[in-house]
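Remarks on the structure that follows.
Values quoted throughout were computed directly from the atomic coordinates according to the rules given, and no laboratory measurement underlies them. Worth saying up front: this structure is predicted, and the values here are computed from it rather than measured. All Cβ positions, glycine included, derive from the backbone under ideal geometry; neighbour counts span all protein chains shown.
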Ligand SMILES: CC(=O)SCCNC(=O)CCNC(=O)[C@H](O)C(C)(C)COP(=O)(O)OP(=O)(O)OC[C@H]1O[C@@H](n2cnc3c(N)ncnc32)[C@H](O)[C@@H]1OP(=O)(O)O
Ligand SMILES: O=CC(=O)O
């Protein structure tokens, strides 16, 4: 074991021999020791920024960087090999079957997700690294249910999403400090694959989630420079697309691109987390309560403005403005419902391409055809850098029906991702369930009926939807139902709801992985 590095959970022989090798651990230790204190200070700065917002000082474009925004001459680097045309990108977790299915989906790229679509047990994180290493080398296959899975001739280009800066990886400490989840995911993938990827004509490509400040982008850029030097790779080989999915980041798109300009391959409209961030960041502003979720469409003013600004910013700096994820996936056994859902996807993709996006996201292989048709029809070349956009408006109500849907979704999602529920196929999207839980508790305002939103109102909703959750999750255990009910009820009673459910959940995963109590930082 490398000095100062401790692993607090059982690790398989394969993980030790192939992923947590001495060389990889030495790299993890070096990167952690170089960057951890900066990460911590940036996380503290997030809290100070929230306090300023709570005190009524609104967000604005930063004064200190006005010259960066005004200066027309700087541009980002050209796309990395394989990233020139990104019209359809599939996303999904890193388990073996899904990695193969995603790479074979016909999409141009695959965003392999260590973040929101993944419940981060240590086993999942390490097996994900094994799967990606094998995928990079085109040596990945899998047998299940009598079916043999192997790579097709022309697989999608691999992009990896590490966890966000806010998440720790408590199962591995360095000098008695948990390593950052971002650094753990990034560094293991980079260390094992960067050179191989370049040899094969691609590069180490990343999606960077949930940043709240351009200094956080600078930290990533510094990590890239350090890592490339460490393995003797030319600078500016890495490419990173940043998800603009927090409200503060929407005011710093230019600065984020500027910080990463020698590694940037664009920005993405991470719409779901963006809505979630809007709710959290403006938690103290009673004038900023969102209506029912169904009314927060991409057409409402603040979402439309966010999309247009992102497209405008990216095209000014000559990088891809990526669209996002429609909520719908194919519905089995109900043709009519499926047709309605797929029409919604088609309309969403059409909105994106005609707005000027250079590509879009899909969550399921069967959606590739729809997205592809729409983009092929409206985007003739590999991108639309020539397109510019502008303008704004907003409206909607908050109703009990909408809140009921939020509670139901929150409870159902939690059940599916709880570690002990993983056995029955749980795998969903952290942003969504976190938002569902928090959205209920955040703004204590009135409903469309004039009825106040109180803790008791939420308690009653939770009880009301319980039978539906039981029906949706047949293997439900009483203890887990109690956890989720208590969680939702406690959220609405706090002054402010939790920042991220994924952070709240980690102590459960860590406990299940046998991590000693002192490393399980947050608790419910
Ligand atoms: C807000 C955000 O961060 S969005 C990004 C994060 N979220 C995601 O990436 C979600 C990705 N999507 C998924 O995980 C899945 O589509 C789910 C969980 C929603 C549904 O998965 P399933 O219940 O397996 O769907 P379904 O039964 O229709 O799948 C059919 C086949 O497609 C495969 N499949 C479905 N989605 C994907 C995907 N995203 N990538 C690769 N394969 C997929 C399944 O593995 C299955 O394969 P098989 O026939 O060989 O067994
Ligand atoms: O991460 C993507 C989103 O839409 O949120």
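Within the range 465-504, find all residues whose amide N lies under 11 Å from a label point positioned 7 Å from the Cα of residue 455 along Cα-to-beta-carbon.
Only 489-495 fall inside the zone, counting backbone N under 11 Å.
Name the shape class, rounded, prolate or oblate, that the alpha-carbon gyration tensor gives for the range 7-79, where a ≥ b ≥ c are the square roots of its eigenvalues, rounded holds for a/c under 1.5, and otherwise prolate holds if a/b is larger than b/c and oblate otherwise.
oblate
On the first, second and third principal axes, largest extent first, how far apart are the outermost C-alpha atoms of the chain in Å?
For the chain, the Cα extents along the three principal axes come out at 64, 53, 52 Å.
Kirkwood hydrodynamic radius of the range 119-173 from all distinct Cα pairs, in Å?
Kirkwood radius, the range 119-173: 13.5 Å.
Cβ neighbours within 10 Å, averaged per peptide: list 49-60, 480-491 in order, most packed at the top.
For the peptides 49-60, 480-491, the packing ranking is 480-491, 49-60.
Could you give the nm distance between label points at residue 10 and residue 337, where each point is 7 Å from its Cα heading toward the beta carbon?
Label-label distance for residue 10 and residue 337, simple model: 4.0 nm.
Among 64-76, 343-355, 34-46, 308-320, what's the highest-first ranking by average C-beta atoms within 10 angstrom per residue?
The peptides rank, most packed first, as 308-320, 343-355, 34-46, 64-76.
Of all DSSP beta bridges located in the chain, what percent are antiparallel, nearest 5?
Around 30 percent antiparallel, to the nearest 5.
Quick one: grab the alpha carbon gyration tensor of the range 40-117, order the square roots of its eigenvalues as a ≥ b ≥ c, and give me rounded if a/c is under 1.5, else prolate or oblate depending on whether a/b is larger than b/c.
Because a/c hits 1.5 or more and a/b fails to exceed b/c, the range 40-117 counts as oblate.
Multiply the residue separation of residue 327 and residue 478 by 0.36 nm, subtract the distance between their alpha-carbon atoms, and state the gained length in nm to one decimal.
My answer for the length gained is 51.4 nm.
Arrange 137, 87 by Cβ neighbour counts within 10 Å, fewest through most, would you?
Ranked by crowding around the Cβ, least crowded first: 137, 87.
Can you classify the range 257-377 as rounded, prolate or oblate using the Cα gyration tensor, where a ≥ b ≥ c are the square roots of its eigenvalues, rounded means a/c under 1.5, and otherwise it's prolate if a/b beats b/c and oblate if not?
oblate
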